[in-house]
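For reference, the structure I am asking about is given below.
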Amino acid sequence: MPIYEYKCPNCGRFELKQNIKDDSLSHCPTCSAPVQRLIGKNVGIIFKGPGFYVNDSRSDSSDSSAS
Ligand SMILES: [Zn+2]
């Protein structure tokens, strides 16, 4: 479960563990002030580039290599 970091104008920064399917927090649970979600280091989601693709140079399926 990822930890999101929020910034409250009254309470400062705090972290909240949320399900990824939950809506992002819009108000501080402590003082009900509108909070801003920080996209930061604690979000453990890394988007990798298209560095992994299947190198299908081996044409085993199409080529009939029957012995
Ligand atoms: Zn607050």
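The values are calculated or read from the model by the stated rules, or taken from the named source; none is laboratory data. Bear in mind the structure is a predicted one, so any value in this text is a computation, not a measurement. Using ideal geometry, Cβ is built from the backbone for each residue, glycine included, and neighbour counts are taken over all protein chains shown.
For segment 43-51, indicate whether the set of residues that are modelled with pLDDT under 60, part of a loop (DSSP other than H, G, I, E, B) and surrounded by 12 or more Cβ atoms within 10 Å (Cβ to Cβ) is non-empty.
The answer is yes; a qualifying residue exists.
Pairs, please: C-beta under 9 Å, at least 6 apart or cross-chain, first residue closer than 12 Å to Ala33 by Cβ and in segment 9-21, second more than 12 Å from the ligand (Cβ to nearest atom)?
Phe14/Glu5
Please determine, by comparing only the residues of segment 7-31 that are part of a strand (DSSP E or B) and within 9 Å of the ligand (Cβ to nearest atom), which one is surrounded by the most Cβ atoms within 10 Å (Cβ to Cβ). Before the answer, list the steps.
As a first pass, look at segment 7-31 and keep what is part of a strand (DSSP E or B): 7-8, 12-17, 27.
Right, trim to within 9 Å of the ligand (Cβ to nearest atom) and you get 8, 12, 14, 27.
On the way: Cys8: 19, Gly12: 8, Phe14: 15, His27: 12.
The qualifying residue surrounded by the most Cβ atoms within 10 Å (Cβ to Cβ) is Cys8.
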